[in-house]
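S.K.: So that we are looking at the same thing, I have put the structure below in C-alpha cells.
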Amino acid sequence: YGGAIKLRDAERSVLVGNSVDGEQGHAIEVEGDRTTIRDNDVISGLFVEGDRNLVVGNRATGDTFSGNAIRISAGDRNVIRRNEATGSFAGRPVTLIAVAASRTSLLYNLATGAPPSDAEIGPPDPTGADGIRIEAAGTWVRGNTATDNAALGINAVDGVIDGGDNHASGNGDPRQCV
C-alpha cells in the first residue's frame, strides 16, 4: 500500500496538475527539498517532508487510510498556500491540514468538513478531527478558514505566530480556535 505518486530524496521537483487517488495510502508523498506541489486534485491525502517546499492551490481529501488531507510532517520553511482540504467519513479522527514542520507559513487555506470518528458522535473530542492542526512553534498562520469540522477549526500549540485574518465557525468544539 502507498502513494500513487512517491518522490524520495526529491530536490527541486515539480508536481503540477495531477488528479490522483491514493486508495490505501497517500495519493502524493514527497520527501525532499524545494519541491513545488501545485494545482493537484488529491483523494487520500498529500504528505510532504523536507525543507522549503511549496504546496499551493491543491484540492485534497483525507480518509481512513491517509488520515490527513494535507500533512507537512517535518522540515523547515515550507509554504502551504491557498489549498482546499475536505474530509470524508473515516471512522477515526481525521485532521484536514496538519503541520509539524518548523517555521512553516500556512496562508489562506480552507479546511472544511473534518468528519467525526465513531467516538466523536456526541460531545466534541478535543483530540479529534480538527480542520487545521499546527504542531510546530514558529509556524506563521494567516488568512486561513476552518468550518464545519467535528472538533476545533484551528488547533495550534504555544509559539505559533498568528498573522491575523484567520476564521473558524460551525466547528464541533465551541471554542473554534485554540
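The values are calculated or read from the model by the stated rules, or taken from the named source; none is laboratory data. Fair warning: this is a prediction, and the values are worked out from it, not measured in the lab. Here the Cβ is made from the backbone with ideal geometry for all residues, glycine too, and neighbour counts use every protein chain on show. We work out accessible area using only protein heavy atoms, side chains counted, and drop any ligands, DNA or RNA first. Shrake-Rupley method; radii C 1.70, N 1.55, O 1.52, S 1.80 Å.
S.K.: Specify which of the listed residues (Leu15, Leu7) is in a strand (DSSP E or B), open to solvent by 30 Å² or more (accessible area, probe 1.4 Å), modelled with pLDDT of 90 or more and aliphatic (A, V, I, L, M).
M.R.: Leu7
S.K.: Out of all the residues in region 62-85, which are modelled with pLDDT of 85 or more and not small (Gly, Ala, Ser)?
M.R.: Within region 62-85, Ile70, Arg71, Ile72, Asp76, Arg77, Asn78, Val79, Ile80, Arg81, Arg82, Asn83, Glu84 meet the criteria.
S.K.: Which one of Ala146, Ala129, Ala156, Ala101 is over 23 Å from Arg52 (Cβ atoms), at pLDDT 90 or above and crowded, with 21+ Cβ neighbours inside 10 Å?
M.R.: Ala146
S.K.: Report, by residue number, each residue of region 18-50 that is part of a loop (DSSP other than H, G, I, E, B) and either open to solvent by 60 Å² or more (accessible area, probe 1.4 Å) or closer than 11 Å to Ile70 by Cα (or both).
M.R.: Once the filter is applied, which keeps residues that are part of a loop (DSSP other than H, G, I, E, B) and either open to solvent by 60 Å² or more (accessible area, probe 1.4 Å) or closer than 11 Å to Ile70 by Cα (or both), region 18-50 yields Glu23, Gln24, His26, Ala27, Arg34, Asp39, Ser44, Gly45.
S.K.: What number of residues in region 74-87 are more than 10 Å from the chain's Cα centre (by Cα) and not acidic (Asp, Glu)?
M.R.: 8
S.K.: Here is a further query. Condition first: on the phi < 0 side of the Ramachandran plot, open to solvent by 30 Å² or more (accessible area, probe 1.4 Å) and part of a loop (DSSP other than H, G, I, E, B). Now tell me which residues in region 162-178 satisfy that.
M.R.: Asn166, Gly172, Pro174, Arg175, Val178
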